[in-house]
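Okay, structure first, notes after.
The values are calculated or read from the model by the stated rules, or taken from the named source; none is laboratory data. Quick caveat: nothing in here was measured; it's all calculated off a predicted structure. Please note: Cβ atoms are built from the backbone with ideal geometry, for glycine as well, and neighbour counts cover all protein chains shown. Accessible surface is based on the protein model in full, side chains and every heavy atom, while ligands, DNA and RNA are left aside. Shrake-Rupley method; radii C 1.70, N 1.55, O 1.52, S 1.80 Å.
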Amino acid sequence: MRHATLALLLAGCFNAQNTPGEPLGPVTEGTTYRRDLQPLIAQHCQGCHTAGGISPFALDTFEDAQRHGGAMAAATQSRSMPPWMPDEQGCQPLKGSRRLTDAEVKLFQSWVEAGMPEGAPAQPMPVKQEKGLERVDVSLRLPAPYTPKANLTDDYRCFGLSHGQTVDRDIIGVNVKPGVRQMVHHVLIYAVDPVQAAASDAADPGVGWECFAGPGTNAKMIGGWVPGTSATQYPSGTGIPLLARETVVVQIHYNVLAAGAQTDDTSLELQLADGRVARPAEFTALANWWFNLPPMAMNQTVEASVRTPNAGTVWGVVPHMHTKGRAISVTKNDACLVNVKQWDFHWQQSFFFAAEDGLEFGAGETVKLSCTFDNPTSAPVTWGEKTSDEMCLVYFYVTR
Ligand code: HEC
């Protein structure tokens, strides 16, 4: 609070020394809640920080903002908030970026330094509406409502959902409707061989089955969702084939810290193409699965690279590690595609490039993946599906 007090004192001096009619200088320019903070919070924070939202506190009112002013300034400066892992500087611009500009980060600080004034009421802010799909063709629900295990802070649960399509179709849009918003931390969606899905389900009592790393590495990824994002509409003309015989499997990460273990009934909406899409897409993976991270060693970097066998278009990336990951980046011929300097397992998601036509890849181009890990444990860590194992993996949303 020392800064705030100083700013207030200075403000007093300015006022006293200025004669009427003279411009007051920086003081009248001072940051206020109504003019500067409220629009910023509505756009960048309230998707999560609202009553009943996923975050532990709301930022709906002036009083809310005042109560959390210092923490907001700190969290935006350290860039832990809003949660958006990639640093796009020198990289590809991404669709739906949450990254604040430096000027926006400064506003949080200057508001606190100015003593968090409310300012003159501005126009009432429209409440940001969550955008749904253009059209909903299939609605999928959990086989039965599920209550996460209260003794686990984090419960990763897979559920098999039958989509009822009798012919092969293409998915062009995905929308997740979280049941208990305070608990649903991420949802990943896959298409899986029905025999494999049924076997996993049968092996674990209760609704669905435990699955920290998803329904298996041969599962076909369809999409994902994290709090605060709206429906995903795949780039125009592209879509992911969904075979009639496949089972849709969702992996839901429940975190019960904020609101305890409640009964959840998350549902899922799919938009399907009329006929087949011109450019069927898939998530292809590049990974390093032969690494060995020695115990008690920090900052260990693992790499994988490939020369693209065919030409194609890359539209987006999904970097993936577990909880010992620190940083992950992907380059094409040494030019940055995505760069995550501070990996956070809880905020992983798919990132689509802002470029409307995607990025063209020729045959024979070098794509490199680099993962950095800390292993503070007393055991070596290798590739695997368990929480204590690791992965160094990136999926690309590609069309050929
Ligand atoms: C995508 C959802 C989401 C968005 C958007 C978001 N937050 Fe958060 N925020 C959370 C969650 C969830 C937590 C609880 C801690 C956690 O899980 O990381 C949190 C925690 C915080 C905290 C507590 C301290 C900390 O760093 O953990 C502050 C302060 C904060 N957020 C401020 C903001 C501000 C300011 C914005 C907008 C500029 C914002 N958040 C945007 C979800 C979000």
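Summary table below
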| read-out | value |
| --- | --- |
| Carbon + sulfur, % of accessible area of segment 31-184 - ligands and nucleic acids excluded, 1.4 Å | 52 |
| Tensor-based shape of segment 138-277 (alpha-carbon gyration tensor, a/c under 1.5 rounded, otherwise prolate or oblate) | oblate |
| Within a Gaussian network of the chain (alpha carbon springs, distance under 10 Å), most fluctuating of M321, M81, M298 | M298 |
| Candidates P194, P294, P205: whichever shows maximal mean-square fluctuation once the chain is modelled as a Gaussian network with Cα springs under 10 Å | P205 |
| Whole-percent carbon and sulfur share, accessible surface of segment 343-390, 1.4 Å | 53 |
| Highest-MSF residue in the chain out of S55, S350, S80 [GNM, Cα springs under 10 Å] | S80 |
| In segment 270-310, the chymotrypsin sites (Phe, Trp or Tyr not before Pro) that fall in loop regions by DSSP, at most 13 other Cβ within 10 Å | W290 |
| Segment 336-400-segment 34-66 distance, computed between alpha-carbon centres (Å) | 31 |
| Helix axis angle, 102-113 relative to the chain longest principal axis, alpha carbon, degrees | 50 |
| Expected 222 nm ellipticity per residue - DSSP helices of 4 or more, -39500 (n - 2.57), all of the chain, to 500 | -4500 deg cm²/dmol |
| Where the chain is the region considered: accessible area per residue in Å², 1.4 Å probe | 48 |
| Principal-axis tilt of helix 2-17 within the chain, Cα atoms, nearest 10 degrees | 40 |
